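Novice: Questions regarding the structure given below will be posed in turn.
The values are calculated or read from the model by the stated rules, or taken from the named source; none is laboratory data. Since the structure is predicted, the reported quantities are computational estimates derived from the model, not experimental observations. Note: ideal-geometry Cβ built from the backbone for every residue, glycine included; neighbour counts use all protein chains shown.
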Amino acid sequence: MKKFGKTIGKKLMILAMSAILVGSTAGFVTPVMAAAPEGGAGGASGSEAITTGKDTDIILTGVNAPNATYGQGTTIGFTAKVKGEGYITSISPVVTDTFPFESNDAAYMVVEGNATATELKANYNFMVRSDVATGYQAVEFNIEYVKDGQTYSVIKTVNVKLEGAPAPTEAPAEEPTTEAPVSTPRVIVTGYETDVEKVLAGENFTLTLHLQNTSNKTAVSNMKVSMAAANGEFLPTSGSSTQFISSLGAGKTADITIEMSALASLEPKPYVLTVTCQYEDGKANPFESTENISIPVYQEARIKISEVTVSPDTIAVYNQGSVSFNINNLGKSTLANVQARLEGDTIECEETFVGNIAAGAAGYADVMVTGIEPTTDDGMVKLIITYEDSSGEECTYEEEVAVYVMEETFDDEFFGDEPIDEPKGMPVIAKLFIVLGVLAALAVIIVVVIIIVVKKKKRKAAEEAEALEDEIDDELLVDADKER
């Protein structure tokens, strides 16, 4: 019985020393727990699993680490618990050159916790590498947790018994080794945005592309993103049109930003920009995806006013005049529904419809204005032109022109040389009464003149008749004397 007890004691001592040696090779000091015995809860199913670590705040329970064979899949599972007040935020494998499993999605899978996760369960389905050596090998897991308001990170180790490929002299295994198929990772453009509301021809803009790895299993890396337009409509303002992304996890998104310039000669319409992504999976297999995005380009309207004519040169108050001019379209897009009007304190004006003006053409406008106040300054009034650009948005162009308005005057033929004193600010009805009064007085004068002229004519005619009678009488007397 004593001999049996000594044998058990030696075995336990050897097992403890092995655990210490394994922990020291992984950079740890104190063993935390041993694997559950075969047949127990979360047992290793005929294998030995030992976890080590220098941090006693985190313990692993229910460790499941079955024997693993090269080229085949295996599952490593455990539950991490935090002692006392704290919670676990994440668990992730530590991938190094000695990692015994393939670098697929499972190798980079992160089990995430939250502020209520005092314990967190992790299960990893690994694919054993075909070049593993036979024997026990440590698999490390990085556990991050929060305790007493501080964030900590600790590495816990699970030892797995591995069965490597037989030596070349040995008979081949009966069952062929196959790797589980991995889906093709695809990177797509989910959208884009620019720093300006409209991309104008000849102007710079910043383009931001939104990329996504649509695979939920495979991460990609070493990604080159190239952008090109078919005929060079968009060019980078500096450097290259190629961007680099080191890695993009499964289901993850990334943004790239580049400053570009649109050619000044572009017509207003959408243009296609081709985005090509070249990348690799975890086994360095190359992939390529191509996406097209459509970027609308707009031409900025350019207007010039020429041949401005005001008729008459000076407009009297309450009289009408016209302002005519040419509207020249210097841009590369049609101006639609063009209208013109003038605004000022001395005039009134209704809007005049001009119509559509094609690119490089001119439209003629003749705007009627009415004087309402005499000009007391330089006579400049505002010429306003409204139109719709290539996107259908209403725009406004403004320029100043000179229109002079003078006081209302009357013809000197009616009122003589002396001007009529008219009180400033007199209402229109008073002015009308004055005009009517003047006209009535003029009519009276004309009637009096006519009467006087008629009377003079009658008097002259009477005098002439009397003289004629006297002359006849004289002649008769002379004739009578002769007869005698």
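Novice: Taking region 305-344, which residues are in contact with a Lys or Arg (Cβ under 8 Å, 6 or more places away or on another chain), closer than 22 Å to residue 406 by Cα and hydrophobic (A, V, I, L, M, F, W, C)?
Specialist: Selection gives 342 alone.
Novice: Could you tell me how many of the residues in region 238-275 are among the small types (Gly, Ala, Ser) and in contact with a Gly (Cβ under 9 Å, 6 or more places away or on another chain)? Please lay out each step first, then the result.
Specialist: If we filter region 238-275 for residues that are among the small types (Gly, Ala, Ser), which is where we start, we get 238-241, 246-247, 249-251, 254, 261-262, 264-265.
Add one more test, that the residue is in contact with a Gly (Cβ under 9 Å, 6 or more places away or on another chain), and what stays is 261-262, 264-265.
The number of residues fulfilling the criteria is 4.
Novice: Among the residues of region 235-265, how many are free of Cβ contacts under 8 Å to residues at least 60 places away in the same chain and in a strand (DSSP E or B)? Spell out the reasoning first.
Specialist: To start, the set of residues in region 235-265 that are free of Cβ contacts under 8 Å to residues at least 60 places away in the same chain comprises 235-247, 251-252, 254-261.
Among the residues that remain, those that are also in a strand (DSSP E or B) are: 235-236, 242-247, 254-261.
Going through region 235-265 one residue at a time, the tally reaches 16.
Novice: Does any residue of region 205-224 turn out to be more than 30 Å from residue 103 (Cα to Cα) and of a type in the set (A, V, I, L, M)? Please lay out each step first, then the result.
Specialist: Taking region 205-224 as the starting set, the residues that turn out to be more than 30 Å from residue 103 (Cα to Cα) are 205-208.
From what's left, of a type in the set (A, V, I, L, M): 207.
The answer is yes, given that some residue of region 205-224 is more than 30 Å from residue 103 (Cα to Cα) and of a type in the set (A, V, I, L, M).
Novice: Find the strands (runs of 3 or more DSSP E) located wholly in region 327-404 whose residues include 2 or more that are closer than 30 Å to residue 268 by Cα and assigned by TED's automatic domain parsing to the domain that holds residue 314, and list them.
Specialist: Values: elements: 335-343, 347-349, 352-357, 362-371, 380-388, 394-402.
Once the strands (runs of 3 or more DSSP E) in region 327-404 are filtered for at least 2 residues that are closer than 30 Å to residue 268 by Cα and assigned by TED's automatic domain parsing to the domain that holds residue 314, what remains is 335-343, 352-357, 362-371, 380-388, 394-402.
Novice: Among the polar types (S, T, N, Q) and farther than 17 Å from residue 192 by Cβ, is that true of residue 208? Working first, answer last.
Specialist: Numbers: among the polar types (S, T, N, Q): yes; farther than 17 Å from residue 192 by Cβ: no.
For residue 208, the condition - among the polar types (S, T, N, Q) and farther than 17 Å from residue 192 by Cβ - is not met.
Novice: To continue, here is another question. Quick test for you: out of 232, 191, pick the one residue that is part of a strand (DSSP E or B), out of contact with any Asp or Glu (no Cβ under 6 Å at 6 or more places or on another chain) and either closer than 30 Å to residue 333 by Cα or assigned by TED's automatic domain parsing to the domain that holds residue 110 (or both). Full working, then the answer.
Specialist: Working: 232 fails: part of a strand (DSSP E or B).
Only one candidate qualifies: 191.
Novice: While we're here: Within region 211-249, track down each residue that is under 22 Å from residue 283 (Cα atoms) and charged (D, E, K, R).
Specialist: 217, 224
Novice: Would you be able to tell me the number of residues in region 357-389 that are small (Gly, Ala, Ser), surrounded by fewer than 19 Cβ atoms within 10 Å (Cβ to Cβ) and either under 17 Å from residue 313 (Cβ atoms) or modelled with pLDDT of 95 or more (or both)? Working first, answer last.
Specialist: Looking only at region 357-389, we keep the residues that are small (Gly, Ala, Ser), and these are 358-363, 365, 371, 379.
With the extra rule that they be surrounded by fewer than 19 Cβ atoms within 10 Å (Cβ to Cβ), the set shrinks to 358-362, 379.
Adding the requirement that they be either under 17 Å from residue 313 (Cβ atoms) or modelled with pLDDT of 95 or more (or both) leaves 379.
Number satisfying all stated conditions: 1.
Novice: Being under 18 Å from residue 214 (Cα atoms) and either surrounded by fewer than 19 Cβ atoms within 10 Å (Cβ to Cβ) or not aromatic (Phe, Trp, Tyr) (or both) is the filter here, so list the residues in region 254-282 that pass it.
Specialist: Looking only at region 254-282, we keep the residues that are under 18 Å from residue 214 (Cα atoms), and these are 254-256, 275-282.
Scanning region 254-282 gives 254, 255, 256, 275, 276, 277, 278, 280, 281, 282.
Novice: If I go through region 276-300 residue by residue, how many of them are out of contact with any Ser or Thr (no Cβ under 7 Å at 6 or more places or on another chain), among the hydrophobic types (A, V, I, L, M, F, W, C) and at negative phi?
Specialist: Summing the residues that are out of contact with any Ser or Thr (no Cβ under 7 Å at 6 or more places or on another chain), among the hydrophobic types (A, V, I, L, M, F, W, C) and at negative phi in region 276-300 gives 3.
Novice: Being exposed (fewer than 12 other Cβ atoms within 10 Å of the Cβ) and out of contact with any Lys or Arg (no Cβ under 7 Å at 6 or more places or on another chain), is that true of even one residue in region 291-300?
Specialist: Of all residues in region 291-300, those exposed (fewer than 12 other Cβ atoms within 10 Å of the Cβ) come to 292, 294.
Now drop any that are not out of contact with any Lys or Arg (no Cβ under 7 Å at 6 or more places or on another chain), which leaves 292, 294.
Checked against the condition, which is being exposed (fewer than 12 other Cβ atoms within 10 Å of the Cβ) and out of contact with any Lys or Arg (no Cβ under 7 Å at 6 or more places or on another chain), region 291-300 yields at least one hit.
Novice: Looking at residue 336, is it over 17 Å from residue 317 (Cα atoms), out of contact with any Gly (no Cβ under 9 Å at 6 or more places or on another chain) and small (Gly, Ala, Ser)? It would help to see each step written out before you state the result.
Specialist: Values: over 17 Å from residue 317 (Cα atoms): yes; out of contact with any Gly (no Cβ under 9 Å at 6 or more places or on another chain): no; small (Gly, Ala, Ser): yes.
It is false that residue 336 is over 17 Å from residue 317 (Cα atoms), out of contact with any Gly (no Cβ under 9 Å at 6 or more places or on another chain) and small (Gly, Ala, Ser).
Novice: What are the residues in region 187-246 that are closer than 15 Å to residue 263 by Cβ, of a type in the set (S, T, N, Q) and touching a strand residue (DSSP E or B) at 6+ places or on another chain (Cβ under 7 Å), if any?
Specialist: Across region 187-246, the qualifying residues are 204, 237, 241.
Novice: Another question, if that's okay. Here are some conditions: (1) surrounded by 13 or more Cβ atoms within 10 Å (Cβ to Cβ); (2) closer than 30 Å to residue 353 by Cα. Residue 306 meets all but one. Which one does it not meet?
Specialist: (1) is the only condition that residue 306 fails.
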